[in-house]
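What follows is a short report on a single structure.
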Ligand code: FES
């Protein structure tokens with residue numbers, strides 16, 4: 001299994017760290033192993049506490065159950081059940097950004 005470099009950024013809190021995440025490990029778990037404190041809740045892909053936005057790269061978040069298709073297409077990811085598929089950059093702490101976005105108020109239809 002390859003390792004990928006995952007850069008976690010958030011300008012508001014001065015976060016800019018790069019972690020090595022194996023293809024078969026969740027990004028949030030490895031961030032916590034590296035003592036990076038990120039928001040989390042259920043850790044099962046059911047809530048929105050750990051939402052980040054993909055700035056670049058790809059993840060496999062097929063286990064998540066919270067985000068709708070258009071939110072995934074807009075780049076949001078549920079980091080507690082996201083495996084890296086490439087080197088990537090994620091902007092963390094995006095739960096409120098998601099809720100404040102017009103996407104959140106759009107229905108699926
Ligand atoms: S912590 Fe609940 S979905 Fe990630």
- request: Assess whether residue 90 counts as being near the ligand (Cβ under 10 Å from one of its atoms) and surrounded by 15 or more Cβ atoms within 10 Å (Cβ to Cβ).
  value: no
query: Taking interchain pairs and intrachain pairs at least six residues apart, which have beta carbon atoms under 7 angstrom, with the first residue in region 50-77 and farther than 16 Å from residue 39 by Cα and within 11 Å of the ligand (Cβ to nearest atom) and the second part of a loop (DSSP other than H, G, I, E, B) and at pLDDT below 95?
result: none
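One line per residue, one yes/no per condition, for (1) touching a helix residue (DSSP H, G or I) at 6+ places or on another chain (Cβ under 7 Å); (2) within 15 Å of residue 8 (Cα to Cα):
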site	(1), (2)
24	no, no
34	no, yes
41	no, no
51	yes, yes
56	no, yes
60	no, no
78	no, yes
92	no, yes
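The values are calculated or read from the model by the stated rules, or taken from the named source; none is laboratory data. These numbers were taken from a predicted model, which means no experiment stands behind them. Cβ coordinates were reconstructed from backbone atoms using ideal geometry, including for glycine residues, and neighbour counts include every protein chain displayed.
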